[in-house]
1. Tell me the volume per residue, in Å³, of the convex hull enclosing the alpha carbons of region 101-202.
2. Please work out how much accessible surface L107 shows to a 1.4 Å probe, ignoring ligands, DNA and RNA, in Å² rounded to 10.
3. Tell me which residues come under 5 Å, amide H to amide H, from L129 once H is placed; ignore anything under 5 positions away on its chain.
4. Considering only protein heavy atoms, what per residue accessible area in square angstrom results for region 25-150 with a 1.4 angstrom probe?
5. Figure the gain on full extension for E96 and Q66 (residue separation times 0.36 nm, minus the Cα-Cα span) and round it to one decimal in nm.
6. From the P(r) of region 31-189, can you give the percent of Cα pairs sitting at distances over 23 Å?
7. Grab every C-alpha pair in region 114-163, bin the distances at 5 angstrom width from 0 up to the longest one, and report whole percents.
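The values are calculated or read from the model by the stated rules, or taken from the named source; none is laboratory data. None of the values given here were measured: they were computed from a predicted structure. Only protein heavy atoms, including side chains, enter the accessible area calculation; ligands, DNA and RNA are left aside. Shrake-Rupley method; radii C 1.70, N 1.55, O 1.52, S 1.80 Å.
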Amino acid sequence: MNNKQDYINDLAQIRSLMERSSRFLSLSGWSGIMAGIYALTGAYLAHTLFQFQPNTLVYSIPENFQQVVVMAILVLLLTLITAAALSYRKATGRGEPFWNIALRRLLENMAVPLVAGGLAILACISSGLIGMLAPLTLIFYGLALHGASNFTYRELRLLGIIQVVLGLLAMWFVAYSLLFWAVGFGIMHIVYGIYIYWKYER
């Protein structure tokens, strides 16, 4: 009986080691929560301080659009720095290397849709298609998350699908695209972060 239990324990350990070597499991739930807070703050400021609210698909670029872009870049940088710092802290706390093959594959799978999305967004800006910005960021980001889920927590796949759905809805209801963006990047990130923290980190 003891031999059987030892065999089961050995298999469980082998499975755990294989999963850790093929998946990046140092993503912090707190990084998702903070990313959501940054996004909600950015959406609020864009709407109230800069009066940025797309109501049609095509219209002239507003005077304060550059400020909105700068704020969006700051939100992105804060999100990336926070995610890297908290994930590094989590990895070192578990005695694992932060940079490994799983993280490299995760970033490689995210790179293609993110770069394609960035180029599509630049094309829309140059054409005055401001109403497409929020939908496209949601859709391409969702596709990036869906691909990255093969190399980290499986729950990321559902988050990616939700982002794509919200992006498609934002294309149909352009007047509410900033609201869909706030839900996707803000609320859904917070929900995802709380779930990851509750399930894997507490």
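1. 80
2. My reading of the accessible area for L107 is about 80 Å².
3. none
4. 53
5. 6.7 nm
6. Numbers: 4638 of 12561 pairs.
Value for region 31-189: 37 percent of Cα pairs lie more than 23 Å apart.
7. 5, 25, 24, 19, 13, 9, 4, 1
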